[in-house]
Every structure is written in structure tokens, then in C-alpha cells.
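All of the numbers you see were taken from the coordinates with simple rules; none came from a lab. Everything quoted here is computed from the prediction, not taken from an experiment.
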Amino acid sequence: MSLPPPPAKPDPNQVPTEQAVREDLAAAYRLIAIFGMTDLVFTHLSARLPGEGHRFLVNPYGLLFEEITASSLVVVDADGEPMQDTSWPVNPAGFVIHSAVHRARADAMCVMHTHTLAGMAVAAQSGGLLPLNQMSMEFDGRVALHDYEGIAADDNLSERDRLVRDLGDMPCMILRHHGLLTVGHTVAEAFYWMYYLEQACRIQLAAQSSGAPLAVPPAPVVGRARDQFGTGPTKGWLPWQALKRKLDREQPDYRA
């Protein structure tokens, strides 16, 4: 197989088209399914559409993530109400968390929320995420915590304020007794944070299951490793191009 040409470096100031956002978000749904981070038809990934006003893309309620395509994504307002005709329902209650973050964070172009086995297991631990591995160390000081208040639904809108307060300017959050949440300037960045936050949780559970004493590096070492990873609006861009090439080979209908 011949090598593809290297992708051009992105312009962080370029405003994406609606179709580009649709394709990236549909790709993220497919990849979340591929990497085993789904919860049947529940949880959501959302993306802000370019232009004025509060318009977001979210999945039709009832489709598996592996079924999502660019054209099937539904445009909703800040309350999760459809702004287009759709034959599939949307789940406004499930959009409560997303709408809170989108409203409060101008940089939160994409918000991802998962209920994974590893994520929920770490969310049940009082110590939270531990810096047990190089992957885990990237999250030092970058993971917020939000205490459980029951199912996040539209009958508890006051939780939005506390959720936003707890998230602050962090790219990631552990929702205690619930799951994981990440945000990004792009779908690529939000997916990067979610993929590696999930890996960090899996590493922690694997290390704990061995029964051996856990070795945590000194704080200065952890901080240095974290800073070596770096951040920015193009975070996750390079692996994202490779992942979309994978989808173009194996599941090209995601762009439809």
C-alpha cells in the first residue's frame, strides 16, 4: 500500500464549514464505537456550528454510534430542542450537560461525554485519577471533579451552574459515580482528551488489579511530564487525520 501524502498543517484561525463539522463529529461517533466507549444509544458527543446564535449538532436519539452519519446529525438549540425537521427524536435531557458547557465556554466547540467501564470505575474511587503512567501524567492538574447529584436531566437545571463551576477552564472532568467528559477547540482535540483519559483509567484499573503496591512518581516529575505534552487548539490534530483515513478505508459512509 502506497503511503498517503502528509496532511497540510491546520490553520487554527480558519472557521470550518458546517459539512466539515458534521463529518468530524460523525467520525468521532464511529471511533467511540470502534474503541469500545459506547453505552448502547446513550451518552452524547456535541459540536458547535459556525455562525451566529447557539446551534449545535447532536446524535439522533436511538441510533447506535456505529450508525451515525454526517447527514443524520441533528441541529439543536442551546436547550437541545431541534432546529430542523427530523424523523428521529433527540434527547433534550441528555443535552443538559453539553448545553451548560457550550454556553459557558467559548472554547468548547466540542463536548464529549461517556459512560465507560473504566471511566465509571475510576469515577467511583475517592482518589480520582492517579499519575501511574506517562499517559496518566498528561492529565495532572487538567481533570476537574464534579460530585454526583442524580441523573443529569432538565428537572435539575441548577446543577448546570455547579457543573460549569467545577469544570472551570479544564479540558477534562470526571463526573463522580457517572463517567467522563472532555471539551476541545475542535472535535479532534476533544477526542484526543477522551481517548487518552479513557486509556489512563484503564491503566489505573489494570495496575490496581495486580494487587502490587502502586508507585507514584514525585510531583515535580509528574509536572514535567505533563508540560512536555503541551496543549493548544491543534491538540490531537495529527492522530485525528490518521483516524479519519482509517474510517475512509473501513467505514466511508460516515461522511454521507
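Things to note:
- Normalised contact order of the chain, rounded percent, pairs of Cα under 8 Å and 6 or more residues apart: 21
- Potential extension, ARG249-GLU149 segment - 0.36 nm per residue separation minus Cα distance: 31.7 nm
- DSSP H segments from the chain that extend 18 Å or more along their own axis, Cα-based, with Kyte-Doolittle mean of 0.0 or above: 18-34, 187-209
- Full-stretch length increase - PHE35, ALA206 - with 0.36 nm per residue and alpha-carbon distance subtracted: 59.8 nm
- Comparing GLN228, GLN134, GLN19 in a Gaussian network model of the chain (Cα springs below 10 Å), the most mobile by mean-square fluctuation is GLN228.
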